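A short worksheet on the structure shown next.
The values are calculated or read from the model by the stated rules, or taken from the named source; none is laboratory data. As the structure is a computational prediction, the values presented were derived from the model and not from experiment. Cβ placement follows ideal geometry from the backbone for every residue including glycine, while neighbour counts extend to all protein chains displayed. Surface accessibility is based on the protein's heavy atoms, side chains included, excluding ligands, DNA and RNA. Shrake-Rupley method; radii C 1.70, N 1.55, O 1.52, S 1.80 Å.
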Amino acid sequence: FVRVKIGADTVMPNKQMGFSKAYHYILGFEQFITKNLKFKTEFYYQSLFHIPISATTANNFSLINMDDDYTIQALANKGKGKNYGLELTIERSWNDDFYFIAAASVYESKYRPSDNFWRNTRYNSNASFTIITGKEWQLKKKNNSQSFAVDFRMMSTGGVRVTPIDLERSVIQKRTVYNTTLLYDQKLPGFFRMDAQIKWKIQYSNMTGSLILGVQNLTNRKNPVSHSFSATTNKITYRYLFGFIPVFGYKIDL
């Protein structure tokens, strides 16, 4: 519904835009190693089509790379994309008050805009690894039932895709100048985060109260999400996600 001014009038060039579409193909296998431990693997391929791309010029724009912005250019549902990869998972289901999940993935994420060249999408980090585990201990009390639990999560992925900065031109023009011929061709350092949480739960006759204390990004790692040129220092600077974040809460279930 974006409006573009043409002379004294305005038009909505994308009012007839249709939905993006996709076909998903998955080949999977799973096997119980023990009674509570399961191994699972999946190979997947996603064919994306009807992706909005530039309708009037041959360029590298595709709506597939946007998440919280919009464009005023005229678009057409002629773009394509593809995602494919392999996932491996080991899962221990909840038993004896303990659970464990470890998952690893390697993948590619590509798109084709109006210039008909296949490129990396901004989300093509190529690899990810996650571990989630937790343990609960039952505490027997005379008047109520109590438990104490510890949960842990670790996440690691390849770096965020960015377009390289042309440092020489940026210094001359005193602003950030990207090398758009290499769109999303560079990866920032990999993302890594560890979270931990403890929970003390008390079961009363008519309700359950849970005190939760946790920490996100336990190691206070600086994970870069974008870069830009600083005209003050003539160097490339980075914007980071939040570091160490404490989490406090009290939950009541009736």
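What to note about this one:
- Tally, over the stretch 216-243, of residues that are outside any loop (DSSP other than H, G, I, E, B) and either within 21 Å of the chain's Cα centre (by Cα) or of a type outside the set (D, E, K, R) (or both): 13
- The stretch 198-225 residues that are under 30 Å from residue 122 (Cβ atoms), paired with ones that are open to solvent by less than 70 Å² (accessible area, probe 1.4 Å) and among the charged types (D, E, K, R) (beta carbon under 6 Å, 6 or more apart): 216/195; 217/193
- Within the stretch 223-236, the set of residues being at negative phi and surrounded by fewer than 14 Cβ atoms within 10 Å (Cβ to Cβ) comprises 225, 226, 230, 231, 232, 233, 235.
- Residue 130 being open to solvent by 30 Å² or more (accessible area, probe 1.4 Å) and modelled with pLDDT of 95 or more: yes
- Residue in the stretch 163-186 that is at positive phi and in contact with a helix residue (DSSP H, G or I) (Cβ under 9 Å, 6 or more places away or on another chain) present: yes
- Pairing each residue of the stretch 29-40 that is within 11 Å of residue 89 (Cβ to Cβ) with any residue that is surrounded by fewer than 13 Cβ atoms within 10 Å (Cβ to Cβ) and of a type in the set (Phe, Trp, Tyr), provided the two are 6+ apart or on different chains, yields C-beta distances under 7 Å for 38/32.
- Condition broken by residue 14, with the remaining ones in (1) surrounded by 14 or more Cβ atoms within 10 Å (Cβ to Cβ); (2) modelled with pLDDT under 95; (3) within 27 Å of residue 158 (Cα to Cα); (4) not small (Gly, Ala, Ser) satisfied: (3)
- Residue list for the stretch 88-103, restricted to those being at pLDDT 95 or above and open to solvent by 70 Å² or more (accessible area, probe 1.4 Å): 88
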